[in-house]
Amino acid sequence: MSTVLIIFCVLAAITLATAFLTVFSRNPIHSALYLVICFFSIAGHYLLLNSQFLAIVHVIVYSGAIMILFLFTIMLMNLNEKKEVHRPRVTRLGAIVAFSLVCLVLIKVFIDSKPIVGEYTTTGEDYQSIKVLGKVLLNEYMVPFEFASILLLVAMIGAVLLSKKEKLEK
């Protein structure tokens, strides 16, 4: 086994473990810390792909700015109180339906995907250049780029809705 493959396997294990710990941890502060570790391991994957610029931008933007926003939101929510209001059944049903639809779409995508078999051709362009990276990102990958921004917007709206105080029924 090569060293790069060993590093990749270790990073992949760390990424998957911290991603699961982020989702299944009951303490929101621990979840945020696991997410930061996950972001750093993903930056390690970028470094393995020889994409130093994307790795640094990923660390600065995600691990820095966005996680600080999430941590401030979590601290402002004051989650230490045990007075949790139960959500209405309609909200739970909507969450289950949305989760099921996302799972069905992902399963359909994985079933219909075909591995790329063939020779790898290079164009000779330097993708480390910020100019070329910007052209590729905003021309060929515009839709995934916008989906990522919508995903971050939904995450921030979710954090705000979680911090919203609800009246307790007596």
remark   = Taking R0 as 25 Å and r as the Cβ-Cβ distance between Ile56 and Lys164, the FRET efficiency 1/(1 + (r/R0)^6), rounded to the nearest 0.05, comes to 0.10
query = Hey, what number do you get for the chain at 222 nm if only DSSP H runs of n ≥ 4 count, each worth -39500 (n - 2.57), divided across all residues, to the nearest 500?
reply = -23000 deg cm²/dmol
message = Along the Cα→Cβ direction, 7 angstrom out, place labels at Val90 and Thr3. What is the inter-label distance in nm?
response = 6.0 nm
message = Considering just Cα atoms, how many Å³ per residue does the convex hull of the chain enclose?
response = 164 Å³
inquiry  = At 1.4 Å probe size, with the rest of the protein present, what percent of the exposed accessible area of the chain is carbon and sulfur atoms?
reply    = 72 percent
note = In this structure, the FRET efficiency calculated for His30 and Asn139 from their beta-carbon separation, with R0 = 45 Å, to the nearest 0.05, is 0.65
note = Averaged per residue, the 1.4 Å probe accessible area of the chain, protein heavy atoms only, in Å², is roughly 83 Å²
key: Choice from Leu104, Leu48, Leu133 with maximal GNM fluctuation in the chain (Cα, 10 Å cutoff)   = Leu104
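The values are calculated or read from the model by the stated rules, or taken from the named source; none is laboratory data. A quick note: this is a predicted structure, and the numbers were derived from the prediction, not measured. Here Cβ is always computed from backbone atoms with ideal geometry, including for glycine, and neighbour counts include all displayed protein chains. Surface accessibility is based on the protein's heavy atoms, side chains included, excluding ligands, DNA and RNA. Shrake-Rupley method; radii C 1.70, N 1.55, O 1.52, S 1.80 Å.
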